Amino acid sequence: MSNPATPPAVGVLDERPPLTFPPGFLWGAATAAYQIEGAANEGGRTASIWDTFSHTEGRTVAGHTGDVACDHYHRLSDDVRLMAELGLKSYRFSVSWPRVQPGGSGPANAEGLDFYQRLVDELLANGIEPWLTLYHWDLPQELEDAGGWPARDTAARFADYALLMADALGDRVKYWTTLNEPWCSAFLGYGSGVHAPGRTDGADAVRAGHHLMLGHGLAVQALRTAVPQAQLGVTLNLYPVTPISDSPGDADAARRIDGLANRFFLDPILRGAYPDDLVADLAKVTDFDHVHEGDLAVISSPLDVVGINYYSRHVVAAPVPGEQPEAYWRDQACWPGSEDVRFVTRGVPVTDMGWEIDAPGLVETLRRVHEEYTDLPLYVTENGSAFVDEVVDGAVDDVDRLAYFDAHLRASHEAISAGVPLRGYFAWSLMDNFEWAWGYTKRFGMIYVDYDKQTRIPKSSARWYAEVIRRNGLAAE
Ligand code: FCB
């Protein structure tokens, strides 16, 4: 960005008195390895489940793959320079497991590690705190071939990989997230199959969810010893789940979806137990015999921070007997045992993903985690929106995305005022990227990427965010 101090495209900041965040609030932006790096076959990297999946016909829109993506692997320094121009205090990235440990077992690949060492060093040299996510969905294909996350051994492999990263970067990286959104890995990857590896078995999805959390717990224990000064956490995608009416049937539908979407992960990780009602709901899917003695103690190993990704709200209604509801959440098979719950759209404004824009839901979510689960510091590790962007005279004036960020930052501030120890916020995403099954057709970035030329254009939202960071706040309502 040529001049980060350029006033924002919309005049809100200058017209209203400032709304200030607590000192030291960690302003960041996030990305993920497979979504931006490209260089899929370089530097000793082997295939992940997303390489296999995206190269399988019919799995992604227009057959898009992450082979090149934003070519970030080759443009690391330019991209860090853009982050510095934005004034980011922190950058959340993920490590590609098959780049640093090809095949998912055995020794480290020095060339792969070197990429992340350079990234971290350049971030630190620019005063940007690196925030490392170990697993943002790119399981080495060999581990999937050996059973994937439904297989218990994958959890142990994940802890080994965590240690390998601790050896390489433990001296420089303070913030470590084990998993990004295990709900997606488990229920989209193994339930509905709309994400890699594309398997469709409800019981496998539940097993995968458990083994992901077991891997998280084992990794936390390993990292705790290897990097005692680290701040360890996990990132969950959480949704308020609201019944469309207060009828008992609708309320029960909301309870079920809340169980699968939120409490499946919150309760074991932060309370050391699966909720009884969830286990009962899943009885026709699995008897939970994959849960071994001692697992929940590992899974609930103490953390330092909790990361929350927030995008939208689920509004649900009771099943209608004899009717299969239209798949609202991509495919109903991602709700094992509750496939017949209906997802309702209320006609409120949505993003280009079709997700309802609901900033008050972020306040609800943050308050719930704090008030019902934990006193730990919380971070919004992702929040953002896809909208159709247009380049006009070399600029992208993304007013809708800017308004989305503005509303959700106000919500974050409201949560802080209500007593939530929210310590930071990461915009999703730093730049447009490979949006999984949607390929390059959905743009979430504050920076526009021209995928043919691999040029970057900071959008209005990026200039605005730079100003928010500079002021440590925004305008009051
Ligand atoms: C989240 C993912 C992230 C991105 C956003 C839009 O579920 O963590 O990689 O796809 O959604």
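The values are calculated or read from the model by the stated rules, or taken from the named source; none is laboratory data. Just so we're clear, the structure is a prediction, and the values are computed from it rather than from any experiment. Heads up, the Cβs are rebuilt from the backbone with ideal geometry, glycines too, and the neighbour counts pull from every protein chain shown.
What the table shows:
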{"quantity": "Flag if residue 411 is among the hydrophobic types (A, V, I, L, M, F, W, C) and in contact with a Pro (Cβ under 7 Å, 6 or more places away or on another chain)", "calculated": "yes"}
{"quantity": "Identity of the residue in segment 427-460, among the hydroxyl-bearing types (Ser, Thr, Tyr) and more than 11 Å from the ligand (Cβ to nearest atom), that ends up surrounded by the most Cβ atoms within 10 Å (Cβ to Cβ)", "calculated": "448"}
{"quantity": "Which numbered condition residue 108 fails, given (1) in contact (Cβ under 8 Å) with a residue 60 or more places away in the chain; (2) in a strand (DSSP E or B)", "calculated": "(2)"}
{"quantity": "Looking only at segment 286-319, and only at residues there that are among the aromatic types (Phe, Trp, Tyr) and buried (at least 19 other Cβ atoms within 10 Å of the Cβ), the one that is farthest from the ligand (Cβ to nearest atom)", "calculated": "310"}
{"quantity": "Per-region count, segment 134-189, residues among the charged types (D, E, K, R) and in a helix (DSSP H, G or I)", "calculated": "7"}
{"quantity": "Total residues in segment 186-217, condition within 16 Å of the ligand (Cβ to nearest atom) and under 28 Å from residue 228 (Cβ atoms)", "calculated": "2"}
{"quantity": "Candidates 234, 206 - the one that is not in a helix (DSSP H, G or I) and not hydroxyl-bearing (Ser, Thr, Tyr)", "calculated": "234"}
{"quantity": "Exclusive hit being surrounded by 15 or more Cβ atoms within 10 Å (Cβ to Cβ), at pLDDT 95 or above and more than 14 Å from the ligand (Cβ to nearest atom), set 26, 19", "calculated": "26"}
{"quantity": "Pairs where the first residue, in segment 382-407, is at positive phi and the second is more than 15 Å from the ligand (Cβ to nearest atom) and of a type in the set (Val, Ile, Thr), C-beta under 9 Å, 6+ apart", "calculated": "394/457"}
{"quantity": "Of all residues in segment 361-392 being more than 16 Å from the chain's Cα centre (by Cα) and within 16 Å of the ligand (Cβ to nearest atom), the one that is nearest to residue 25 (Cα to Cα)", "calculated": "361"}
{"quantity": "Meets criteria (in contact with a Lys or Arg (Cβ under 7 Å, 6 or more places away or on another chain), within 16 Å of residue 85 (Cα to Cα) and of a type in the set (Phe, Trp, Tyr)) for residue 448", "calculated": "yes"}
{"quantity": "Entirely in segment 372-477, the strands (runs of 3 or more DSSP E) that have 1 or more residues that are within 30 Å of residue 263 (Cα to Cα)", "calculated": "378-383, 422-428"}
{"quantity": "Pairs, first more than 10 Å from residue 102 (Cβ to Cβ) and within 16 Å of the ligand (Cβ to nearest atom) in segment 33-47, second assigned to a loop (DSSP other than H, G, I, E, B) and among the polar types (S, T, N, Q), C-beta under 8 Å, six or more apart", "calculated": "33/96; 34/96; 35/429; 35/433; 36/433; 37/96"}
{"quantity": "Residue, modelled with the highest pLDDT, within segment 468-477, restricted to residues that are surrounded by fewer than 21 Cβ atoms within 10 Å (Cβ to Cβ) and touching a Leu at 6+ places or on another chain (Cβ under 6 Å)", "calculated": "473"}
{"quantity": "Condition check for residue 94: in contact with a helix residue (DSSP H, G or I) (Cβ under 6 Å, 6 or more places away or on another chain) and under 20 Å from residue 436 (Cβ atoms)", "calculated": "yes"}
